[in-house]
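Here the structure comes first, spelled out in structure tokens, and everything after it is commentary.
Each value in this text was obtained by applying a stated rule to the coordinates, not by laboratory testing. These numbers were taken from a predicted model, which means no experiment stands behind them. No Cβ is skipped: glycine too gets one built from the backbone with ideal geometry, and neighbour counts run over all protein chains shown.
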Amino acid sequence: MKKIRIVVAVLCFNGLLALFSITAAPDFLILGVTKCGTTSLYDYIVKHPKILGARTKELHFFDNNYEKGIDWYHQQFPQKKSMDELIGEATPRYFWHQTCMKRIFEHCPNTKFIVIFRNPVKRVVSEYYRRRRSGAERLDFERAILQPQLRERYIEAGLYIEHLERWLSIFPKNQILVLILEDLAKAPEQEVNKIFKFLGLGEYKLHSYEIRNQAQYDINKIQPETINTLKHFYEPYNKKLEIFLGRTLPW
């Protein structure tokens, strides 16, 4: 009888270990937005001792790698060593890429989401120069942003409130934290601790808040008329976002 109890106990213990070793859905995702400081933000977050980053910052599972299957996705995260550790990744294209939301809801219904916005005009310009540096874009700015096949990437990614409302149509508001890049630049410690609190962690001060992947470009090289057109285009969306957030945006 004693031997049976020991065997059962061992089996139960091994079962618990096996259950615990399975990597669950990520605790958090930085959904977006591209060229809004997500690289720096992710770097800050994973420096918390209770947060484990993925093998790479951007896994692109829900947009580019979905056919690899959910098991592949789970394998991209480290094993948790304790129940209070958190795992997450940051693929800033998820937020505005239309196919991602329902896939994420299917596999990550309880995950918490972080989005970060910036002046949408500056975001377009930054995205344009990123593509120029990589060789993906050869047109001048005025023609590049009018390409129908790239409208989603250039123009529509900056319609923050429209995407936010889409996500809130299936996820509760308390699962989504909205940050502003300009606030992060002014008070990084304060903004990063908002995230830690949102994730249920204690405050944590980093040794430094170095900005990552900060691109250098001259917005004055863009025709002023084009910049003004973009400002007017985004204005009603920015106003709507201000109402939703209950604050004035710093742009």
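Compute the length gained on full extension between Arg103 and Lys68: take 0.36 nm times their separation in residues and subtract their Cα-Cα distance, giving the result in nm to one decimal.
Numbers: separation 35, 0.36 × 35 = 12.60 nm, distance 1.33 nm.
Fully extending the segment from Arg103 to Lys68 adds 11.3 nm.
Once the piece of chain linking Asn110 and Gln175 is laid out straight, how much longer is it, given 0.36 nm per residue of separation minus the C-alpha distance between them? Kindly include the intermediate steps, with their values, before the conclusion.
Numbers: separation 65, 0.36 × 65 = 23.40 nm, distance 0.77 nm.
Residue separation times 0.36 nm, minus the Cα-Cα distance, leaves 22.6 nm.
Could you give the C-alpha radius of gyration of segment 106-224 expressed as a fraction of 2.2 N^0.38 Å, taking N as the number of residues it contains? All intermediate terms of the calculation are to be shown ahead of the outcome.
Values: Rg = 17.1 Å, N = 119, 2.2 N^0.38 = 13.5 Å.
Dividing the Cα Rg of segment 106-224 by 2.2 N^0.38 Å gives 1.27.
Looking at the chain, identify the longest residue range that excludes and avoids all GluC sites (Glu not before Pro) in DSSP loops having at most 16 other Cβ atoms within 10 Å. Don't skip to the end; give the middle numbers.
On the way: sites that count: Glu85, Glu203, Glu210.
For GluC sites (Glu not before Pro) (loop position, at most 16 other Cβ atoms within 10 Å), the longest site-free span of the chain is 86-202.
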*Tilt relative to the chain, helix 224-245 - C-alpha long axis, 0 to 90 degrees, to 10*: 40
*Using the beta-carbon distance between Glu203 and His60 and R0 = 51 Å, what value does 1/(1 + (r/R0)^6) give for FRET efficiency, to the nearest 0.05?*
0.95
*asked:* How large are Rg and Dmax for segment 24-245 when calculated on the C-alpha trace, in angstrom?
replied: 17.6, 56
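Remind me, relative contact order of the chain in percent, using alpha carbon pairs under 8 angstrom and six or more residues apart? Walk me through the numbers before you get to the answer.
Working: 300 pairs, mean separation 58.7, N = 251.
Reported relative contact order: 23 percent.
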*Under 25 Å Cα-Cα from Lys240, which lysines qualify once same-chain neighbours fewer than 8 residues away are excluded?*
Lys35, Lys102, Lys112, Lys122, Lys173, Lys186, Lys194, Lys231
_For the chain, set up a GNM with springs between Cα atoms under 10 Å and report which of Ala25, Ala144, Ala136 has the largest fluctuation._
Ala136
*Picking from Lys35, Lys205, Lys186, which is most flexible by a Gaussian network model of the chain using Cα springs under 10 Å?*
Lys186
*Evaluate the Kirkwood expression for the hydrodynamic radius of segment 15-114, namely the inverse of the mean inverse distance over all pairs of different C-alpha atoms, and round to one decimal in Å.*
13.8
*Using θ = phi - 60° and the Karplus relation 6.51 cos²θ - 1.76 cosθ + 1.60, list the HN-Hα couplings for segment 63-79 in order, rounded to whole Hz, with x at every Gly or Pro.*
10, 9, 10, 4, 5, 6, x, 5, 5, 4, 4, 4, 6, 7, 10, x, 6
*Any aspartates and glutamates with Cα under 16 Å of the Lys50 Cα? List them, leaving off those in the same chain fewer than 8 positions away.*
Asp27, Asp84, Glu85, Glu89, Glu203
